[in-house]
Amino acid sequence: MGTVIGLLVLDPDQWWAASLLAAVLIPTDAALGAAVVSDRRLPVRVRQTLNVESGLNDGIALPVVMLLLALTATEEGDVGSASWWASFAARQIGLGVALGMAAGLAGGLLIEKLGPRGGITTTYERLATLAVAVIAFTGAELSGGNGFIAAFVAGLAFGAVARERCPRVHEFAEREGELLAMATFTLFGAVIIGPRLGDIGWAEIGYACLSLVVMRPLAVLVAMARSRVALPTVLFFGWFGPRGLASILFALLVVEESGIAEADAILLVTATTVTLSVYAHGLTAAPLARRLGAYTSRLTPAAAERMPMAEHHVRHGDR
C-alpha cells in the first residue's frame, strides 16, 4: 500500500524508491508512545505489546530498508553496483550485531562483577549503562557497521548478563532516554522540518495521513485477523503506531549514503509524517487510553473468560 501510494508522490516509474519510502515509515516509536505505554488504565499486555513492537520493529525493518536502498541506487545507476551494496548491507548488519554483542556482554559482565564488591558506586553504575550504548554505537560506526543496530543488540546483551543490576539502572536510563529523545525531536523540528515547511504540499500531507490513518490500521487488522483479540483493542493497536526517531534515522541514511534522486523527497515525506504523528498521537493518547481502559473494566466475568489469554491475564493478574 505504501509503495502504490508513494508512486503518486514520487516519480511514477520509481517503484524501488516508492518501496523504500514505505519501508522507512514502517517502524513505530516508543518515545512518542510513552504516554500510552505508561498509562496504567490500560491492560499491561496491551502496553507491553506496543512497547515490544516499537523496540523490535526498527531492527527488523533495517535490513529491508538497506536492501531497497541498494536496489533503488542500482536501478538509478547513481551509486555502486548491486554487489557493492550487498556487501555494504552485510557490513552494516553483521558488524553492528557483532560489536553490539561484544560491548553489551563486556559492559554487563564488568558491572555485574564490580557492583557487589563495591568496585563501582550506584551513580556510576547507572552512567556506565549509557556508556555501553555509546561505545557500541561509536565502535560500529567507526568500523563500518550500523550503530543503530549495535546499540540495540548491546542493550539485549547487557540485560542478559547483568539481569540483577537492571532494576537499578532501568529507571535512570528511561528518564535519561526520554530527555535525549525530547532533545532529538527539538533538533528535528529546528533543523529538518522547520526550514522545509514551505516545501510541504498536499501530496506529502496526503501520504502522511494515509500512512497513519489507513495503512497502519489495515496492516494490523490483517496481522491480527485470527488472534481473537477484541476489535477495540486491535483498532487501538492500529492507531498507536507513531512514527519517530527510527524513521528519521532511516530517512537521513537514505540522504547521506545513497545519493539517489528521490532521497530529498523521501526525507520530506518522512518528516511530514513524523510531524503529524507527534501531534496526532500526542493529542489522542490520553483520551483513547481512557476509553479502552473503561471498555476492559466493564467486561463481565463471562466476557473476560472469552477474552484472549493476553487480555484475561492482565485484567485479573495485573490488578
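The values are calculated or read from the model by the stated rules, or taken from the named source; none is laboratory data. Values in this document were obtained by computation on a predicted structure and should not be read as measured data. All Cβ positions, even for glycine, are placed from backbone atoms using ideal geometry, and neighbour counts span all protein chains on display. Accessible surface is based on the protein model in full, side chains and every heavy atom, while ligands, DNA and RNA are left aside. Shrake-Rupley method; radii C 1.70, N 1.55, O 1.52, S 1.80 Å.
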Among the residues of segment 94-142 satisfying the criterion of being open to solvent by 30 Å² or more (accessible area, probe 1.4 Å) and acidic (D, E), which is nearest to E174 (Cα to Cα)?
E112
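I'd like to know if segment 30-47 contains one or more residues that are of a type in the set (S, T, N, Q) and part of a helix (DSSP H, G or I).
First, the residues of segment 30-47 that are of a type in the set (S, T, N, Q): 38.
Among the residues that remain, those that are also part of a helix (DSSP H, G or I) are: none.
The answer is no; no qualifying residue exists.
Can you tell me which of A208, A271, A263 is closer than 14 Å to V24 by Cβ, surrounded by 15 or more Cβ atoms within 10 Å (Cβ to Cβ), among the hydrophobic types (A, V, I, L, M, F, W, C) and free of Cβ contacts under 8 Å to residues at least 12 places away in the same chain?
Only one candidate qualifies: A263.
If a residue has to be within 26 Å of V97 (Cβ to Cβ) and without any contact (Cβ under 8 Å) to a residue 40 or more places away in the chain to count, how many in segment 38-52 make the cut?
Total satisfying the criteria: 3.
What residue, of A265, A219, is at pLDDT 90 or above and either of a type in the set (D, E) or within 18 Å of I5 (Cα to Cα) (or both)?
Details: A265 fails: at pLDDT 90 or above.
The conditions single out A219.
In the list S87, S54, which residue meets the criterion of being closer than 27 Å to T186 by Cβ and not aliphatic (A, V, I, L, M)?
Details: S87 fails: closer than 27 Å to T186 by Cβ.
Just a single option satisfies the conditions, and that option is S54.
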Filter result for the condition that a residue is closer than 25 Å to A30 by Cβ and among the charged types (D, E, K, R), over E178, E112:
E178
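For segment 191-299, which helices (runs of 4 or more DSSP H) that fit wholly inside it have 2 or more residues that are among the charged types (D, E, K, R) and at negative phi?
Values: elements: 202-210, 216-223, 231-239, 245-257, 263-297.
Counting at least 2 such residues, we get 245-257, 263-297.
Is there a residue in segment 166-186 that is of a type in the set (D, E), outside any helix (DSSP H, G or I) and loosely packed, with under 13 Cβ neighbours inside 10 Å? Don't jump to the end; show me each part of the working.
Taking segment 166-186 as the starting set, the residues that turn out to be of a type in the set (D, E) are 171, 174, 176, 178.
Keeping just the survivors that are outside any helix (DSSP H, G or I) gives none.
Taking every residue of segment 166-186 in turn, none turns out to be of a type in the set (D, E), outside any helix (DSSP H, G or I) and loosely packed, with under 13 Cβ neighbours inside 10 Å.
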May I ask you to list the residues in segment 6-27 that are open to solvent by 10 Å² or more (accessible area, probe 1.4 Å) and modelled with pLDDT of 85 or more?
L7, W15, W16, S19, A22, I26
How many residues are surrounded by fewer than 16 Cβ atoms within 10 Å (Cβ to Cβ) and either at pLDDT 90 or above or over 17 Å from the mean Cα position of the chain (by Cα) (or both) when one looks only at segment 274-296?
9
Among all residue pairs at least 6 apart or on different chains, which show Cβ distances below 9 Å where the first residue, located in segment 122-149, is within 16 Å of G108 (Cα to Cα) and outside any helix (DSSP H, G or I) and the second is open to solvent by 30 Å² or more (accessible area, probe 1.4 Å) and among the aromatic types (F, W, Y)?
none
Could you give me the residue pairs with C-beta distances under 8 Å whose first residue belongs to segment 1-30 and is on the phi > 0 side of the Ramachandran plot and of a type in the set (A, V, I, L, M), whose second residue is assigned to a helix (DSSP H, G or I) and surrounded by 24 or more Cβ atoms within 10 Å (Cβ to Cβ) wherever it lies, and which are 6+ apart or on separate chains?
none
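Among the residues in segment 69-79, are any under 21 Å from the mean Cα position of the chain (by Cα), at pLDDT 80 or above, in a helix (DSSP H, G or I) and farther than 30 Å from S297 by Cα?
Within segment 69-79, the subset under 21 Å from the mean Cα position of the chain (by Cα) is 69.
Add one more test, that the residue is at pLDDT 80 or above, and what stays is 69.
Going one step further and asking which of them are in a helix (DSSP H, G or I), we end up with 69.
Checking which are farther than 30 Å from S297 by Cα leaves us with 69.
Yes, segment 69-79 has at least one match.
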Would you confirm whether or not segment 134-152 contains a residue that is closer than 18 Å to V24 by Cα and of a type in the set (S, T, Y)?
no
